Amino acid sequence: MRRSEFERAVADEFGARGGSLLTDLVLSACGGRTGVEALAAGVDPREVWLALCAETDVPQNRRYGVGRLEPRRS
């Protein structure tokens, strides 16, 4: 997941509260860091996205592919 896909996914899923979730919510799966701290430390955006989804109980069917402009083709 690219950083732009990550940002789009956060905006699509959380709307206006996405920014505050990234700065305030501590993600245990990212070493007890916030999303912003994890990204700054070099954690892969996909890992941060999945941790954010887990902490906020986003259903599984909305965790993969959110934020992509188009699905990948095989």
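Tabulated data for the structure shown
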read-out: Helices (runs of 4 or more DSSP H) wholly inside the chain containing at least 3 residues that are modelled with pLDDT of 95 or more; value: 18-24, 35-40, 45-55
read-out: Cross-chain or 6+ apart pairs with Cβ under 6 Å, the range 28-50 first and within 14 Å of Glu7 (Cα to Cα), then outside any helix (DSSP H, G or I) and hydrophobic (A, V, I, L, M, F, W, C); value: Pro45/Met1; Arg46/Met1
read-out: Failed item in (1) surrounded by 14 or more Cβ atoms within 10 Å (Cβ to Cβ); (2) out of contact with any strand residue (DSSP E or B) (no Cβ under 7 Å at 6 or more places or on another chain); (3) of a type outside the set (D, E, K, R), with Ala38 passing the rest; value: (2)
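The values are calculated or read from the model by the stated rules, or taken from the named source; none is laboratory data. This is a predicted model, so every value here is computed, not measured. Neighbour counts run over all protein chains shown; Cβ positions are idealised from the backbone, glycine included.
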